[in-house]
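Worksheet: one structure, shown below.
The values are calculated or read from the model by the stated rules, or taken from the named source; none is laboratory data. Just so it is clear, the structure is predicted and the values come from calculations on it, not from any experiment. Note: ideal-geometry Cβ built from the backbone for every residue, glycine included; neighbour counts use all protein chains shown.
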Amino acid sequence: MGYRFSDLTQACHDDWRAYIEHDFVRQLAAGTLADEAFRHYLKQDYLFLIHFGRAYALATYKSRDITELRHSLEGLKTIIDVELGLHIDYCREWGISEADLAGLPEARATMAYTRYVLDTGNRGDLLDMHVALAPCLVGYGVISQWQAEQPFTIRGDANPFEKWLQMYASDAFQAAMRDEIAWLDARLADITPERFEQLTTIFRDATRLEIDFWQMGLDLAD
């Protein structure tokens, strides 16, 4: 019997729910998150995106055929040519200049997750890396869906974080999430139980590090 991405989330159910339903996420949806906590998160997320790009560069190197090579290259180009620019523009709306971003020190939570992803990619293969990145790419899409279902979620001008909510609820991001799940499902279908256990460990560790990233924002931690 083959595995699917949903088997990973089920195997790590408690950590996955703690990530998806974190207080940071709840406060974003309710519009009650402190501005400074959001700014701190935005700054560190810029640094995360840079390392996310490095991960896709490594994935490009690790690609075994032209299909994998094109897939990884498109991911790299999207992050570097599109997402970073959009993030810089959004940070500017929150009073954070590009010069501010360029001189940022990394918070420990940022270092922990990004280096974990890169180390996992260096030690393993493309599937290892994609599983390590899944709490980010897939998780943000699932979080958006969860937020939309909550009675406390405020949408529109009444929520200062409306643009963030729109970003991950967008058709484009939700499609990217579904594409990544399909990519993972296709490769998880043929693995052994022993390999699934290895990937479960990677997914659980990465999810816990994402929880720490949310908490870093709440705590204004360095």
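Filter the stretch 44-67 down to the residues that are touching a residue at least 60 places away in the same chain (Cβ under 8 Å), part of a helix (DSSP H, G or I) and surrounded by fewer than 20 Cβ atoms within 10 Å (Cβ to Cβ) and list them by number.
If the condition is that a residue be touching a residue at least 60 places away in the same chain (Cβ under 8 Å), part of a helix (DSSP H, G or I) and surrounded by fewer than 20 Cβ atoms within 10 Å (Cβ to Cβ), then L47, H51, R54, L58, K62 are the ones that fit.
Does A186 satisfy the condition of being modelled with pLDDT of 95 or more and in a helix (DSSP H, G or I)?
Yes, satisfied.
Please work out which one of (1) in contact with a helix residue (DSSP H, G or I) (Cβ under 7 Å, 6 or more places away or on another chain); (2) closer than 21 Å to H40 by Cβ is the condition P105 fails and give its number.
Condition not satisfied by P105: (1).
From the residues in the stretch 102-117 that are under 18 Å from A221 (Cβ atoms), surrounded by 18 or more Cβ atoms within 10 Å (Cβ to Cβ) and aliphatic (A, V, I, L, M), which one is nearest to the chain's Cα centre (by Cα)? Step through it out loud before you land on a result.
The first filter runs over the stretch 102-117 and keeps only residues under 18 Å from A221 (Cβ atoms), leaving 104-116.
After this cut, where a residue has to be surrounded by 18 or more Cβ atoms within 10 Å (Cβ to Cβ) as well, the list is 107, 109-110, 113-114.
When the remaining residues are screened for being aliphatic (A, V, I, L, M), the result is 107, 109.
Working: A107: 16, A109: 13 Å.
Applying the filter and picking the extreme gives A109.
Condition test on M129, is it part of a helix (DSSP H, G or I) and closer than 22 Å to F5 by Cα? Full working, then the answer.
Details: part of a helix (DSSP H, G or I): yes; closer than 22 Å to F5 by Cα: yes.
Here the answer is yes, as M129 does meet what is asked.
Sort out which residues of the stretch 84-139 are more than 30 Å from I66 (Cβ to Cβ) and among the basic types (K, R), and write them in order of number.
Once the filter is applied, which keeps residues that are more than 30 Å from I66 (Cβ to Cβ) and among the basic types (K, R), the stretch 84-139 yields R92, R108.
For T201, indicate whether it is polar (S, T, N, Q), within 15 Å of C12 (Cβ to Cβ) and surrounded by fewer than 17 Cβ atoms within 10 Å (Cβ to Cβ). Explain how you work it out, then say what you get.
On the way: polar (S, T, N, Q): yes; within 15 Å of C12 (Cβ to Cβ): yes; surrounded by fewer than 17 Cβ atoms within 10 Å (Cβ to Cβ): yes.
The answer is yes for T201.
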